Amino acid sequence: QVQLVESGGGLVQPGGSLGLSCAASGRIFSIYTMGWYRQAPGKQRELVAAVSRDGTTNYGDSVKGRFTISRDNAKNTVDLQMNSLKPEDTAVYYCHALDSRSWSNYWGQGTQITVSS
């Protein structure tokens, strides 16, 4: 199994910036992608950003140009830098990992991001 531990999150003003980090542990040798999804109350969970082992990135349309994802394979961590935050970015953000051998999905505990003045 893979365990994902998130750090960061909280309250930020519109236009501000915030960083999130996620560290993977356990059976991490076959993780293919890592990233974040988010979910607001009453809404579907959506992709924020993801990065594969070779560095290929994928961003949700609503965050392109504002968020940047990065991955350190040696440390088994993934970071998300969020800039120009908007109130509609308010959601619970979940770290995610995909295992390339078992094709299992792993999820972090979730962290609340609130963008408000």
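The values are calculated or read from the model by the stated rules, or taken from the named source; none is laboratory data. Keep in mind that this is a model prediction, so the values were computed, not measured. Note: ideal-geometry Cβ built from the backbone for every residue, glycine included; neighbour counts use all protein chains shown. Just the protein is used for accessible areas: all its heavy atoms, side chains included, with ligands, DNA and RNA removed. Shrake-Rupley method; radii C 1.70, N 1.55, O 1.52, S 1.80 Å.
Things worth noting here:
- Relative intensity, log₁₀ I(q)/I(0), of the stretch 1-61 from a Debye sum that treats every alpha carbon as a point, q = 0.22 Å⁻¹: -1.14
- Ordered by 1.4 Å accessible area with all protein chains kept, 89, 54 run largest first as 54, 89.
- Overall dimensions of the chain, expressed as equivalent-ellipsoid semi-axes from the Cα gyration tensor (√(5λ), whole Å, largest first), are 24, 14, 13.
- When both the stretch 55-117 and the stretch 1-17 are represented by their alpha-carbon centers, they are found 9 Å apart.
- Net charge dipole size for the stretch 1-55 [Lys, Arg +1 and Asp, Glu -1 on Cβ; Debye, nearest 20]: 120 debye
- Highest GNM mean-square fluctuation among 104, 17, 84, for the chain modelled with Cα contacts below 10 Å: 104.
- Partner lysines whose Cα lies under 23 Å from the Cα of residue 86, excluding those fewer than 8 positions away in the same chain, are identified as 43, 64.
- Net charge dipole size for the stretch 1-113 [Lys, Arg +1 and Asp, Glu -1 on Cβ; Debye, nearest 20]: 120 debye
- GNM remark for the chain: springs join alpha carbons under 10 Å apart, and the peak mean-square fluctuation among 56, 68, 90 falls on 56.
- Ranking 44, 80, 115 by Cα position along the charge dipole of the chain, where only Lys, Arg, Asp and Glu carry charges on their C-beta atoms, puts 44 farthest toward the positive end.
- Antiparallel DSSP beta bridges within the chain, as percent of all bridges there, nearest 5: 95 percent
- Largest mean-square fluctuation among 87, 14, 41, in a Gaussian network model of the chain whose springs join Cα atoms under 10 Å apart, belongs to 41.
- Model label points for residue 27 and residue 109, set 7 angstrom from Cα along the Cα-to-Cβ axis, are 2.3 nm apart.
- Given charges at Cβ of Lys, Arg, Asp, Glu: the chain dipole, positive-most of 93, 2, 69: 2
- Relative contact order of the chain, defined on C-alpha pairs under 8 angstrom at six or more residues apart (%): 36 percent
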